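Report on one structure; see the data block that follows.
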Amino acid sequence: MRQLYRIKRVPSDSGLRKFLDRINPIHLRSAFLELFRMLQRNGVLKRYWWEDKHDLVSIDGTEVFSSNRLHCEHCCQKQHENGAITYYHQAVGAAVVHPDRSTVIPLAPEPISKQLIGSEADPEVGPEDEELTDFPCRYTDRYRWENRNKWLINDCESRAIRRLVTRLHREHPRLKIVVLADGLHSNAPFIKLLKRYRMSFIIVARPSNHEHLFELFVKADETGESQQFPLKSGQIAIV
């Protein structure tokens, strides 16, 4: 901060956090969008194209804060058996990646924080979002914070990743996106949402969670309906 902005008295980490806590994350999205569009205009995004001009978007959740004492009104809470409470903030991060590049292009993260249920929805949410109503929280900024002590509930990564994908589609409708996600999201509602937005996907699926899927896969391999592809690691991928 001293070198870039010539700030002589740099605030402490805790002081900076206290100031930034007042800012709604939605106001930071424009900075991510402007950076992304600048990279598009200058042809940088083309360097990250993978297989027929597709963009690989890696999505994963991460914890950004946890404390047994410090907390705010938006903190999620975890109640322990001994009566103690852990307050935490998490987020779902997303970035355009490429297997041959060590740098990534970050996209706006989606906060995981306490959500307000039962308040008036933003008029932008229409019938096309009806799939999202299966989950208690749709958009972190979609609800007014009136009577929040009565209506607040914990958010989770599964809800947040659906909000992120929906916003990603609205902000970049022409991108040919391949979503990369872990096994937590290898479920029908999320895959249905990706297909609705015409997004391709590579999602981890474990045998313990998808027994029927792997039974079908074994049968396909036995009947010669599968294909093998060599990987850089020396392993063989069977699809």
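Is it the case, given these coordinates, that Q40 is surrounded by 12 or more Cβ atoms within 10 Å (Cβ to Cβ) and under 24 Å from P106 (Cβ atoms)?
yes
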The condition from (1) over 17 Å from the mean Cα position of the chain (by Cα); (2) modelled with pLDDT of 90 or more that I202 misses is numbered (1)
Expected output for region 65-76 (first residue within 10 Å of H89 (Cβ to Cβ), partner charged (D, E, K, R), Cβ below 8 Å, 6+ apart or cross-chain) is C72/D21; H74/K114; C75/K114; C76/K114; C76/D155
- Message: Given the criteria over 25 Å from G183 (Cα atoms), basic (K, R) and modelled with pLDDT under 90, does K46 qualify?
- Response: no
Notebook entry, point to check: Being touching a strand residue (DSSP E or B) at 6+ places or on another chain (Cβ under 7 Å), over 21 Å from R163 (Cα atoms) and charged (D, E, K, R), is that true of even one residue in region 88-111?
Noted result: no
Counting only helices (runs of 4 or more DSSP H) wholly inside region 145-232, the ones holding at least 1 residues that are in the same structural domain as K46 (by TED's automatic domain parsing) and under 24 Å from A94 (Cβ atoms) are 157-171, 188-196
Picked from region 181-198 (must be free of Cβ contacts under 8 Å to residues at least 24 places away in the same chain and either hydrophobic (A, V, I, L, M, F, W, C) or touching a Ser or Thr at 6+ places or on another chain (Cβ under 7 Å) (or both)), the residue farthest from R170 (Cα to Cα) is A188
Q. In region 91-99, is there at least one residue being surrounded by fewer than 12 Cβ atoms within 10 Å (Cβ to Cβ) and more than 17 Å from the chain's Cα centre (by Cα)?
A. yes
Open item on the list: Based on this model, can you work out whether D55 counts as within 30 Å of K232 (Cβ to Cβ) and either modelled with pLDDT of 95 or more or loosely packed, with under 11 Cβ neighbours inside 10 Å (or both)?
Closed with: yes
Within region 196-206, the residues that are closer than 14 Å to H185 by Cα and of a type in the set (A, V, I, L, M) are I202, I203, V204, A205
Log entry, pairs with first residue in region 207-224 being within 16 Å of H185 (Cα to Cα), second being surrounded by 14 or more Cβ atoms within 10 Å (Cβ to Cβ), beta carbons closer than 6 Å, six or more apart or on different chains, reads P207/F214
**Message:** Yes or no: region 40-54 includes at least one residue that is in a strand (DSSP E or B), within 22 Å of R163 (Cα to Cα) and touching a residue at least 24 places away in the same chain (Cβ under 8 Å).
**Reply:** yes
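The values are calculated or read from the model by the stated rules, or taken from the named source; none is laboratory data. All values reported here derive from a predicted model rather than from experimental measurement. Every residue, glycine among them, receives a Cβ derived from its backbone with ideal geometry; neighbour counts consider all protein chains shown.
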